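A short worksheet on the structure shown next.
The values are calculated or read from the model by the stated rules, or taken from the named source; none is laboratory data. Model, not experiment: these values are computed from the prediction. Positions of Cβ are backbone-derived with ideal geometry, glycine not excepted, and every protein chain shown enters the neighbour counts.
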Amino acid sequence: MSATTPIIKPPALQKGDTIGIIAPASPLPDPAYLARGIDFWLSMGYRVRTGTHISKATGYLAGRDAGRLADLHQMFQDPEVKAIICLRGGYGTLRLLADLDYNLIRYHPKILVGYSDITALHLALNRMTGLVTFHGPMLYPELGSKALPPYTRESLCRALAVASPLGSIPPAPGLPPPVTITPGRAEGIVTGGNLSLVVATLGTPFEIDTRGKILFIEEVDEAPYRIDRMLTQLKLAHKLEAAAGIVLGFCTGCENPSLQPGLLEVITDHLAPLGIPCFYGLPAGHLATQATLPLGIRARLDAAARTLTYLEAAVAPP
């Protein structure tokens, strides 16, 4: 989202609304996740509509680009669909960005939820349309699991349905305590997502704008030296020092005891010299227990208290 792009908040979700499910990236490894994910939304009092191409598979993609793009456009066009939930991440969303109908999305704002590879959509929609989107659980592996943690369910439902400021993201049970890297407070619009996808947009029309913002990043299954490389690229692109503050979710599966330096040492080495408020360990990312984070609205980061507090509603009154 540029400084001149007005913020567009999608209408809040209401019981009885229709949820659209699409697969903009990779196919499911197990179709049972789709059935259980549909049951989850039905049990919560919503209707469900799936994309025409949702069960397609072309190698590592959930069908051909044209089909995945058509499903995305159809869900934004359908007046009955009020929220769009992504099936899973993996890979493929980046391939759709150049052909998206941003005017269609701008004039038919709806809730969009996903993370990981879906970061490409978050960045593109935030920047090109101003639409507030949601970094949150998908059918695979969270919503279609056999045991969805209550924290994940409650955070998702509250973020999508409450047309008032969400306040602070609460600590999640069972996770390690967060770590302050640089104390201090900062306010700004929250942007970001998966580190690999943030880096992948650099040099494109969908490149992340971090100026005066709270940069959120998370990652999965990347060795510390790869995290080092991606943070170095963001630094060389002047994206780190431009941020008002930085908050990291969990980098799941990124710690390797046989490799030195370790993950937190790599992160601290890059971010502490910036002198801006920063902490590691927000309960968001590739986690069964995760918070849903609105992207595109203002929040306050308190790195000493290790909190992120949303200062405005993410959705508009329905």
Quiz item: In region 286-316, what count of residues is obtained for those that are farther than 17 Å from Ser164 by Cβ, in a strand (DSSP E or B) and touching a Ser or Thr at 6+ places or on another chain (Cβ under 6 Å)?
Solution: 2
Quiz item: So which residues in region 218-231 are part of a helix (DSSP H, G or I), farther than 15 Å from Gly203 by Cα and touching a helix residue (DSSP H, G or I) at 6+ places or on another chain (Cβ under 7 Å), if there are any at all?
Solution: Pro224, Ile227, Asp228, Leu231
Quiz item: With (1) in contact with a Cys (Cβ under 7 Å, 6 or more places away or on another chain); (2) closer than 21 Å to Leu166 by Cβ as the list, and Glu222 as the residue in question, which single condition is left unmet?
Solution: (2)
Quiz item: Take the residues of region 196-214 that are within 14 Å of the chain's Cα centre (by Cα) and within 17 Å of Ser116 (Cβ to Cβ): which is surrounded by the fewest Cβ atoms within 10 Å (Cβ to Cβ)?
Solution: Ser196
Exercise. Would you check if Val132 is over 13 Å from the mean Cα position of the chain (by Cα), hydrophobic (A, V, I, L, M, F, W, C) and closer than 28 Å to Thr289 by Cα?
Key: no
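Please enumerate the residues belonging to region 279-318 that are of a type in the set (Asp, Glu), surrounded by 18 or more Cβ atoms within 10 Å (Cβ to Cβ) and closer than 30 Å to Pro79 by Cβ. Break it down into steps so the answer makes sense when it comes.
At the first step, the residues of region 279-318 found to be of a type in the set (Asp, Glu) are 302, 312.
Still in the list and also surrounded by 18 or more Cβ atoms within 10 Å (Cβ to Cβ): 302.
Matches in region 279-318: none.
Ala223 - would you say it is surrounded by fewer than 24 Cβ atoms within 10 Å (Cβ to Cβ), of a type in the set (Gly, Ala, Ser), free of Cβ contacts under 8 Å to residues at least 60 places away in the same chain and not assigned by TED's automatic domain parsing to the domain that holds Arg300?
no
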Quiz item: Does Lys235 satisfy the condition of being basic (Lys, Arg) and either within 16 Å of the chain's Cα centre (by Cα) or outside the structural domain of Pro277 (by TED's automatic domain parsing) (or both)?
Solution: no
